1. Can you give me the number of residues within region 110-127 that are assigned to a helix (DSSP H, G or I) and out of contact with any Phe, Trp or Tyr (no Cβ under 9 Å at 6 or more places or on another chain)?
2. Residue check: is THR255 open to solvent by 10 Å² or more (accessible area, probe 1.4 Å), β-branched (Val, Ile, Thr) and under 22 Å from HIS276 (Cβ atoms)?
3. Residues in region 114-128 that are within 13 Å of the chain's Cα centre (by Cα) and of a type outside the set (Gly, Ala, Ser): how many?
4. Among what's in region 259-302 and is farther than 19 Å from GLU141 by Cα and of a type in the set (S, T, N, Q), pick the residue that is least open to solvent (accessible area, probe 1.4 Å).
5. Can you tell me which condition ARG20 does not meet? The list is (1) over 23 Å from GLY177 (Cα atoms); (2) open to solvent by 30 Å² or more (accessible area, probe 1.4 Å); (3) under 21 Å from the mean Cα position of the chain (by Cα), and all the others hold.
6. Looking at LEU180 and the list (1) farther than 26 Å from ASP82 by Cβ; (2) open to solvent by less than 20 Å² (accessible area, probe 1.4 Å), which single condition is not satisfied?
7. Mind telling me which of the residues ALA47, ALA107, ALA94 ends up being buried (at least 22 other Cβ atoms within 10 Å of the Cβ) and more than 19 Å from the chain's Cα centre (by Cα)?
8. Give the residues of region 61-87 that are open to solvent by 60 Å² or more (accessible area, probe 1.4 Å), in a helix (DSSP H, G or I) and more than 22 Å from THR189 (Cα to Cα), sorted by residue number.
Amino acid sequence: MTSLVLLSPAGVVADAAALRRAEVRLRALGFDVVRDRDALARRQRFAGSDEVRLAALHRTAATAPSIAMATRGGYGLTRLLDGIDWRAVAASVAQGTRWVGHSDWTALQLALLAHTGAPSWAGPMALDDFGRTDEAGGVDEVTRDTFVEAMDGSLEAVGFRTEAGHDGLDASGVLWGGNLSVLQALVGTRHLPPPRRVKGGILFLEDVNEHPYRVERTLLHLHAAGVLESQRAVLLGAFSGWKPSPLDRGYTLRTAVAQLRSVCRVPILTGLPFGHVHPKVTLPVGARVRLLVDGRDVLIGW
């Protein structure tokens, strides 16, 4: 069986029952699931102290399971970046470990890419993707199947539908990105992948609980910092969980994207099924991919 370790490097696991459901479902898919001993640790809003969570990361890297999956995101990995032994994490990748997650996990993925060039996987996490009750939707087929196929090596491409206007786009480069807010927080630090690793890449972005004006402001920051202009294409996933304001008066996420397109020359595609939504695809962070657009159909292959 394929070994899979569940660890909590960021936010506290408030729902132990959801974690148990995730373990049952992942075992049913054929994974040999092991819960890290501190996965349910608690300290304020975190899954244990910084030292406890850092030890869990290093313990997992030393064990080098086939898969290391985050229980959930939240916040917490940014506090650990300066203390992570990146060579140890990269060594686990070299032994076959696939580090999988999204949201706050973006900090780990991008810093790993920055320091070592090692790949990881942007994909589901235990609680929200495999731990939902059946009444709340359970596990959807797309999330389940793309994850399983990515982990066994058979997944070679994902597709989605985008807006009109990009027909014929053919771009190749390193796929990287993740949560928009987390990525922005890495700008100007040694933990953001340098141009030598991601220039001419394909950048994907998502976020949750961020109003479109905040999304626009953050994207314009990345544009002004030269991050967007150095890419072959930008893929926007889901920006979910925000609430309209009476001040919006017609201002929407579409407005924000239109503003960005008016100042940024790089193709910006919407519709990527990724983020704090269901379903979501699993994507190879740090892998070289090819992006093809036929009409409104988009294919990302690797």
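The values are calculated or read from the model by the stated rules, or taken from the named source; none is laboratory data. What you are looking at is a predicted structure, and each value in this text was computed from that prediction instead of being measured. Using ideal geometry, Cβ is built from the backbone for each residue, glycine included, and neighbour counts are taken over all protein chains shown. Just so you know, the surface numbers come from the protein's heavy atoms only, side chains and all, with ligands and any DNA or RNA stripped out. Shrake-Rupley method; radii C 1.70, N 1.55, O 1.52, S 1.80 Å.
1. 2
2. yes
3. Within region 114-128, the first condition is being within 13 Å of the chain's Cα centre (by Cα), and the residues that meet it are 119-125.
Subset that is of a type outside the set (Gly, Ala, Ser): 119, 121, 124-125.
Number satisfying all stated conditions: 4.
4. THR270
5. (3)
6. (1)
7. On the way: ALA107 fails: more than 19 Å from the chain's Cα centre (by Cα); ALA94 fails: buried (at least 22 other Cβ atoms within 10 Å of the Cβ).
Unique residue meeting the criteria: ALA47.
8. Hits for region 61-87 are ALA62, THR63.
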